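Contents: one structure, followed by commentary.
The values are calculated or read from the model by the stated rules, or taken from the named source; none is laboratory data. Given the structure is predicted, the values throughout are model-derived calculations rather than measurements. Neighbour counts run over all protein chains shown; Cβ positions are idealised from the backbone, glycine included. The area values use the complete protein model at the heavy-atom level, side chains included, leaving out ligands, DNA and RNA. Shrake-Rupley method; radii C 1.70, N 1.55, O 1.52, S 1.80 Å.
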Amino acid sequence: MEAIHIQHLFRRAGFGLGPQELKRFVGKRKEDIVDFLLEDAMREQSKLVILNEDIPVPNSSMRLPRYESFRAEKDKRGVLANAWLDLMVAGKGVLREKMALFWHHHLPMGGQSFELTKCYLELLREHALGSFRDLIHAVAKTPAMMRYLDNHHSHKDAPNENFPRELLELFTLGVGHYTLQDVKEAARAFTGWRYNHDTNVFYFDRSAHDEGIKTFLGRSGRFTGEDIIDIVLAQQQCARHLVRAIYRFFVDQKEDEDIIEYLTDVYYESDYNTAQLLREIFLSDWFYGNVHINSLVKTPVELLVGFQRQTTVKLIGIKTHDQLLWKMGQRLFAPPNVGGWPSGNQWINTQTVLYRTCFPIITFAVANRTVPRKSLYYKLHSRIAHSELRSFRYFMDAVYDRDSMFEQLSELPCSWSVFFWNMDIEGPEEVHEEGILYYTTSPYYQLN
Amino acid sequence: MDRRRFIQNSAYLAVGTTFVPQLLASCGTDTIKRFRGKRLVLLHLQGGNDGLNTFVPWRNDIYYASRPNLAIAKHELIELTDELATPVWAQDLADLYFDGCMALYHNVGSPQPNTSHFKSTDIWHAAFTPNERANPRTGWIGRYLDMASRKSEVPPSTLAVDASETFSLLLKGENIQGCTIGGLRDFSHFAPYLEELYSTCHEHPVASYLQKVRSEAIVAMRTLHQYFSPNAFDYPPSVLGASLAQVASLIKNGAPTLFFFITQGGYDTHLAQPGRQKRLLSELGAGLKAFVRDLRAAGLFKDTLVLIYSEFGRRVKENVNMGTDHGVGNTICILSDGLKRAGSCNELPDLNTLAHRNDVAVHMDFRRVYATVLEKWLGVPAPSVLPGHFEVLDFV
């Protein structure tokens with residue numbers, strides 16, 4: 001495989017390559033690389049580490065605390081988000097984390113306690129590459145989602161339509177493939193779902209359940225919530241709706257109807273085997289078409305994680321990630337609403353664009369200790385472990401192949417291209433940092 | 001920019017605070033135009049404020065019967081009229097009412113209400129009901145910006161400022177969007193570097209869009225930076241107080257901004273409402289009182305209109321957790337020295353005939369307020385921004 005295609009694959013299937021990773025894959029067959037990605041992700045699930053352990057600073061005997069302990073107590077959601085981001089940056093089994101991030105986009109939930117949020121995240125990660133059937137059954141019963149969509153006190157005398165509506169509209173079928181009456185009938189079937197507030201375990205309260213006959217999507221019976229989910233999964237439209245979302249996240253915002261139909265068959269026939277669907281996408285020729293390369297806008301998580309992987313600069317501190325992601329519009333476990341986060345150009349507004357394109361300046365200023373007091377960094381109480389990356393060449397290998405980069409740079413103002421052409425690749429490290437700064441603050445770095 | 005210039009710019013980072021503001025300030029102090037026109041401040045009480053416990057129908061028996069635990073006792077009320085009162089912890093609001101700079105409209109809401117915070121906030125900010133447009137992409141102020149940008153002498157983004165922490169749909173237009181002042185705080189140190197970035201053009205459609213928005217953001221930041229000054233007035237030390245102080249500073253120094261958006265969060269009082277609402281309302285009253293005093297001293301409150309609203313009201317009947325659940329109709333509050341009509345302007349909620357789930361019914365489409373502001377305050381035809389024609393009110 002060519003460098004440009006390997007980089008494309010790793011940006012989409014993961015969070016970009018780390019320095020010197022490219023040479024491990026150049027020249028290998030596509031099948032081998034895709035299998036590596038899948039096997040690496042499926043071998044075993046990395047554990048979320050939520051310990052307050054220290055992080056060693058490279059080339060120094062110093063250690064920095066992972067989190068400010070006072071803040072860890074106050075902001076446990078932030079701790080959880082950081083633990084997950086750490087896994088993404090570490091880059092082991094990266095496709096699992098990327099797919100779990102997709103599921104967090106697609107089955108969004110927010111505003112719940114640390115314990116409930118952790119259960120929810122572990123479900124997304126566990127079933128990320130498995131069967132969507134298992135995932136949606138599990139997510140429907142996880143207390144975080146039940147609470148988020150008010151399904152934990154739905155009673156036969158007052159069925160709650162919130163969860164069934166979003167299940168049909170957003171999670172599985174899409175608008176136009178069910179009626180308002182279907183929502184009402186489904187709501188009756190979900191009555192009696194409860195969870196134990198001490199153990200956070202789901203249970204079924206028969207006395208609150210509507211035992212009557214429901215008519216849902218043309219079928220009638222004494223359906224339970226599980227039956228409703230199975231009936232939905234039996235619709236090919238469910239596979240189509242999911243394939244569309246996955247295509248928009250991994251391939252392109254503009255859908256190709258022929259490919260969507262083909263992938264829908266693959267997903268439906270495999271009974272929603274997500275790993276198989278992704279394999280089909282990553283092994284295809286069209287996935288590597290020029291039209292798709294750099295056609296997406298990085299999500300804020302992809303941007304921050306990718307930056308850390310490529311530069312090996314490490315952002316530390318709960319508030320560092322949290323504030324930056326918040327200002328960029330993607331606080332984890334706090335989506336704006338059940339519709340999830342925006343996509344494409346919608347990520348870009350006059351607030352987010354400043355943080356998205358300028359955070360590298362702050363980061364490097366901090367790493368070089370040239371940052372003014374009272375700056376963003378100072379307010380964030382963050383620390384950044386110094387970068388191990390000392391070569392612009394390695395960085396460029398991680399983001400893009402150099403020829404394409406220079407092509408892009410020809411669109412930059414003349415002085416910039418001159419800067420890059422004249423840059424001494426073997427020169428002193430400060431020069432390399434400048435180069436990385438130039439590139440990471442350019443609009444192209446926002447693309448995925 | 002060559003490498004030497006770049007390194008010089010990096011040096012700014014090291015020199016920091018003392019140097020950079022001067023550089024920013026030097027970009028055209030003599031060209032500053034001081035705007036002296038009508039302005040609108042939108043203050044969103046996030047979470048759904050309980051209007052019935054803010055502006056209390058103190059003669060209504062149904063109010064007391066529906067809220068055995070939450071109704072505010074008569075000895076804790078300040079009478080505004082012979083049927084309306086505010087709790088004593090909203091003394092500052094009562095003072096503004098007696099000043100004659102407050103207009104209240106009751107039973108206001110969307111003709112097609114929604115009890116989700118997010119969806120309902122979108123309805124209020126887009127000014128579209130879900131039937132009219134299911135997934136609105138623009139806010140009503142954003143659409144105003146689109147229209148006004150054609151003849152604007154200042155960077156159009158500076159016409160609307162979001163002083164909340166995130167960027168609201170309210171200020172998003174199809175082509176133009178308002179700007180935030182959060183970025184101004186965080187990035188003014190880096191402005192010299194940013195300015196090097198924004199003059200290029202790109203062929204890639206997404207990259208060029210990004211570049212366009214970034215240019216707008218940086219230009220807006222540069223422009224507005226000139227209008228900030230330390231505030232001499234005492235504002236309460238809350239987040240709301242800080243936002244109001246910033247807005248007042250921009251207004252007093254003649255910033256070109258017409259619209260300001262501010263939020264105060266925490267009104268979603270399903271649980272333990274009395275203590276929480278008490279704290280929020282006293283914070284709100286203190287902030288507004290300082291703001292009014294500040295602008296009045298500068299003679300500018302007659303040209304400033306503050307519109308205070310929530311995404312929905314709360315249920316009439318209290319719940320079992322000493323709180324109230326999401327409702328529908330609510331009271332909105334308008335503040336200005338330029339009001340033609342002040343006081344309580346229409347009928348109080350009719351608690352005898354409630355909407356479907358024990359909710360205050362909507363008798364006034366919230367967009368009538370927007371239409372009034374557009375037509376009679378800002379002097380632009382409302383249908384150019386709002387979906388259709390809405391009967392105007394007489395508060396201005």
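Put simply, of B:Gly287, B:Gly266 the only residue that is closer than 27 Å to B:Phe366 by Cβ, buried (at least 24 other Cβ atoms within 10 Å of the Cβ), out of contact with any strand residue (DSSP E or B) (no Cβ under 7 Å at 6 or more places or on another chain) and not polar (S, T, N, Q) is B:Gly287. Exactly one residue among A:Phe204, A:Phe223, A:Phe249, A:Phe216 is of a type outside the set (D, E, K, R) and under 28 Å from A:Phe102 (Cα atoms), and that residue is A:Phe249.
Among strands (runs of 3 or more DSSP E) entirely within region A:149-248, having at least 2 residues that are closer than 19 Å to A:Asp134 by Cβ singles out A:193-195, A:202-204.
Counting just the residues of region A:186-219 that are open to solvent by 80 Å² or more (accessible area, probe 1.4 Å) and charged (D, E, K, R), which one comes out modelled with the lowest pLDDT? Residue satisfying both the conditions and the ranking: A:Asp198. Evaluation of A:Asp32 against the conditions (1) farther than 14 Å from A:Gly91 by Cα; (2) within 20 Å of the chain's Cα centre (by Cα); (3) surrounded by fewer than 13 Cβ atoms within 10 Å (Cβ to Cβ); (4) of a type outside the set (Val, Ile, Thr) shows that the sole unmet condition is (2). Under the condition of being at pLDDT 90 or above and more than 10 Å from chain A (Cβ to nearest Cβ), the residues counted in region B:162-183 number 2. Scanning region B:208-255 for residues that are among the charged types (D, E, K, R), open to solvent by 20 Å² or more (accessible area, probe 1.4 Å) and either within 14 Å of chain A (Cβ to nearest Cβ) or assigned to a helix (DSSP H, G or I) (or both) gives B:Lys212, B:Glu216, B:Arg222, B:Lys252.
Scanning region B:38-65 for residues that are open to solvent by 10 Å² or more (accessible area, probe 1.4 Å) and charged (D, E, K, R), we see that the one that is nearest to the chain's Cα centre (by Cα) is B:Lys38. Of the residues making up region B:366-392, those that are surrounded by 15 or more Cβ atoms within 10 Å (Cβ to Cβ), in contact with a helix residue (DSSP H, G or I) (Cβ under 9 Å, 6 or more places away or on another chain) and of a type outside the set (A, V, I, L, M) are B:Phe366, B:Arg367, B:Tyr370, B:Thr372, B:Glu375, B:Pro387, B:Phe390. For the criterion of being of a type outside the set (Ser, Thr, Tyr), over 14 Å from B:Thr324 (Cβ atoms), part of a helix (DSSP H, G or I) and open to solvent by less than 10 Å² (accessible area, probe 1.4 Å), B:Phe261 fails. Considering only region A:119-138, state which residues are open to solvent by 10 Å² or more (accessible area, probe 1.4 Å) and under 15 Å from A:Asp271 (Cα atoms). Scanning region A:119-138 gives A:His127, A:Gly130, A:Ser131, A:Arg133, A:Asp134, A:His137. Being farther than 30 Å from A:Gly18 by Cβ and surrounded by fewer than 21 Cβ atoms within 10 Å (Cβ to Cβ) is a property that A:Val243 lacks.
Can you confirm whether B:Gly338 is in contact with a helix residue (DSSP H, G or I) (Cβ under 9 Å, 6 or more places away or on another chain) and open to solvent by 10 Å² or more (accessible area, probe 1.4 Å)? The answer is yes for B:Gly338. Of all residues in region A:326-338, those that are in contact (Cβ under 8 Å) with a residue 60 or more places away in the chain have Cβ atoms under 6 Å from Cβ atoms of residues that are outside any helix (DSSP H, G or I) and among the small types (Gly, Ala, Ser), 6 or more apart or on another chain, in A:Phe333/A:Gly110; A:Ala334/A:Gly110; A:Pro335/A:Gly110.
Filter region B:25-37 down to residues that are open to solvent by less than 80 Å² (accessible area, probe 1.4 Å) and either at pLDDT 65 or above or part of a strand (DSSP E or B) (or both) and give me whichever is farthest from B:Phe301 (Cα to Cα). Only one residue fits best here, namely B:Phe35. Checking each residue in region A:199-241 for being acidic (Asp, Glu) and over 32 Å from the mean Cα position of the chain (by Cα) picks out A:Asp205, A:Asp210, A:Glu211.
Scanning region A:343-353 for residues that are open to solvent by 40 Å² or more (accessible area, probe 1.4 Å) and either within 7 Å of another protein chain (Cβ to nearest Cβ) or assigned to a loop (DSSP other than H, G, I, E, B) (or both) turns up A:Ser343, A:Asn345. List the number of the failed condition for A:Asp134; all other conditions in (1) out of contact with any helix residue (DSSP H, G or I) (no Cβ under 8 Å at 6 or more places or on another chain); (2) at pLDDT below 95; (3) in a helix (DSSP H, G or I) hold. Among (1) out of contact with any helix residue (DSSP H, G or I) (no Cβ under 8 Å at 6 or more places or on another chain); (2) at pLDDT below 95; (3) in a helix (DSSP H, G or I), the lone unmet condition for A:Asp134 is (2).
Inspect all residues belonging to region A:173-185 and state whether any of them is within 22 Å of B:Arg357 (Cα to Cα), of a type in the set (D, E, K, R) and modelled with pLDDT under 90. Within region A:173-185, none of the residues are within 22 Å of B:Arg357 (Cα to Cα), of a type in the set (D, E, K, R) and modelled with pLDDT under 90. Residues in region A:298-343 that are among the small types (Gly, Ala, Ser) and within 22 Å of A:Leu17 (Cα to Cα): A:Gly306 alone.
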